[in-house]
Amino acid sequence: MSPWKPLLWVGGSKKDLQLMPGSVQDVFGFALHLAQEGGRHSQTKALKGFGGNAVVEIVEDFDGNTYRGVYTVRFGSAVYVLHCFQKKSTKALQQHSTIYN
């Protein structure tokens, strides 16, 4: 087994993750732990346009909301957590837009 890679948090990604519901933090934390060991969580997928598995997205649903985390292992010495955020519903945005148009 290869040694663990350290996690490096970019910008406010760690703070943003800490603001998410506990169960979402658990899933993301486990997915990042697997990435540190060289593995992949079942709730991850490669983001298109970044060359194979260079940039990976974690997706978790909770209480009607979708949360996403984005990380890369492209640079061999660490796992870089790039972004953690709550996906906004396009349906809700469309309904909001219809109300005001």
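Taking a point 7 Å from the Cα of N53 along the Cα-to-Cβ direction, the residues of the stretch 13-37 with backbone N closer than 15 Å to it are 31-37.
Please list, or write none, the aspartates and glutamates whose alpha carbon is within less than 13 Å of the alpha carbon of K48, excluding same-chain residues fewer than 8 places away. The reachable aspartates and glutamates, counting only those whose Cα sits under 13 Å from K48, are E57. For K5, go through the aspartates and glutamates and keep the ones whose alpha-carbon is under 12 Å away, minus same-chain ones fewer than eight residues off. Cα-Cα hits under 12 Å: E37. Computed from Cα positions, the angle between helix 90-100 and the longest principal axis of the chain comes to roughly 30 degrees.
Annotation for K14 and F62: the two label points, set 7 Å from Cα along the Cα-Cβ direction, are 1.9 nm apart. Partners of K45 within straight-line reach, counting lysines whose Cα lies under 17 Å from its Cα and excluding those fewer than 8 residues away in the same chain: K87. In this label model, W4 and A78 are separated by 1.6 nm, measuring between points 7 Å along each Cα→Cβ vector. When the alpha carbon gyration tensor of the chain is reduced to an equivalent ellipsoid, its three semi-axes come out at 28, 15, 12 angstrom, largest first. Between the Cα long axis of helix 22-36 and the first principal axis of the chain there is an angle of about 30°, rounded to the nearest 10.
Any read-out appearing in this document is the output of simple, stated calculations on the displayed coordinates, not a laboratory observation. Nothing here was measured: the structure is a model prediction, and the numbers come from that model. Don't worry about glycine lacking a Cβ; one is built from the backbone with ideal geometry, like all the others, and counts go over all protein chains shown.
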